[in-house]
Amino acid sequence: MPKIETPLSARLGLAYPIVCAPMFIISNKEMIVACAEAGILGTMPSLNLRTHEAFREALAWIRQKTDRPFGINLTIKLTDPERLVQDLEACLEFEVPVIITSYGNPAELARRAHDKGRVVFHDVIHLKHALKAQESGADAI
């Protein structure tokens with residue numbers, strides 16, 4: 001199948017401009033790797049792993065299986081603040097290419113991710129939230 005390119009898919013190194021959504025409970029590390037190897041962006045919420053330690057183990061496993069782009073969803077107001085910081089640090093350490101934020105203001109996470117050259121998506125349900133996310137530094141909505 002021929003490659004389909006958009007500015008964002010080119011920036012990320014994807015073959016196709018498709019994102020497999022970070023689905024709570026459903027998305028997993030195997031799905032991320034399958035998507036990555038197929039040329040699309042596989043994602044999952046960090047909270048699909050019940051502990052931070054399990055999340056770190058999943059990131060290490062993903063990194064062993066693929067060098068292609070993938071994303072992790074960090075749910076700002078739904079995650080314990082300490083866990084949120086730990087999960088973001090792990091994403092930066094394991095060089096997760098795309099950080100997807102949701103349920104809160106992404107400004108601080110976007111700043112930290114951008115400092116490490118990462119791309120930030122922000123998940124929204126309304127235009128007013130999209131405009132706020134844009135102002136807060138999200139690269140994609």
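The values are calculated or read from the model by the stated rules, or taken from the named source; none is laboratory data. Please read these numbers as outputs of a predicted model, since none were measured by experiment. Reconstructed Cβ throughout: ideal geometry from the backbone, glycine too, with neighbour counts over all protein chains shown. Note: areas computed on protein heavy atoms with side chains; ligands, DNA, RNA excluded. Shrake-Rupley method; radii C 1.70, N 1.55, O 1.52, S 1.80 Å.
Trp61 to Ile125: FRET efficiency via 1/(1 + (r/R0)^6), r the Cβ-Cβ distance, R0 25 Å, to the nearest 0.05? Please report the intermediate quantities before stating the final value.
Values: r = 32 Å, r/R0 = 1.26.
Rounded to the nearest 0.05, the efficiency is 0.20.
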Hey, what did the chain get for relative contact order, percent, Cα under 8 Å, at least 6 apart?
16 percent
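With every protein chain left in place, what is the accessible area per residue of segment 44-104 in square angstrom, probe 1.4 Å? Spell out each step's value before the answer.
Values: 2810 Å² over 61 residues.
Heavy-atom SASA per residue in segment 44-104 reads 46 Å².
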Could you go through segment 114-125 in sequence order and give the Karplus-derived ³J(HN,Hα) for each residue, using 6.51 cos²θ - 1.76 cosθ + 1.60 with θ = phi - 60°, rounded to whole Hz, and x for Gly and Pro?
5, 4, 9, x, 8, 9, 10, 9, 10, 8, 9, 10
Could you check how much of the accessible area of the chain is carbon and sulfur, as a whole percent, using a 1.4 Å probe?
56 percent
Going residue by residue through segment 12-26, the Karplus relation 6.51 cos²θ - 1.76 cosθ + 1.60 with θ = phi - 60° gives ³J(HN,Hα) values, rounded to whole Hz and with x marking Gly or Pro, of 8, x, 8, 7, 9, x, 10, 10, 7, 4, x, 8, 4, 6, 7
Could you tell me the largest-minus-smallest coordinate of the C-alpha atoms of segment 1-46 on each of the three principal axes, in descending order and whole angstroms?
31, 18, 11
Could you work out the Rg to Rh ratio of segment 22-99, with Rh taken as the Kirkwood radius (inverse of the mean 1/r over all Cα pairs)?
0.93
Sequence gap of 8 or more, or different chains, plus Cα separation below 25 Å: how many lysine pairs satisfy both in the chain?
10
What is the set of long-range amide H partners of Asn73 at a cut-off below 5 Å, with H atoms built 1.01 Å from backbone N?
Met44, Ser46, Ile100
For every helix of n ≥ 4 consecutive DSSP H residues, a contribution of -39,500 (n - 2.57) applies; sum these over the chain, divide by its total residues, and give [θ] at 222 nm rounded to the nearest 500 deg cm²/dmol.
-13000 deg cm²/dmol
Ratio of Rg to Rh over the chain (Cα coordinates, Kirkwood Rh, two decimals)
0.94
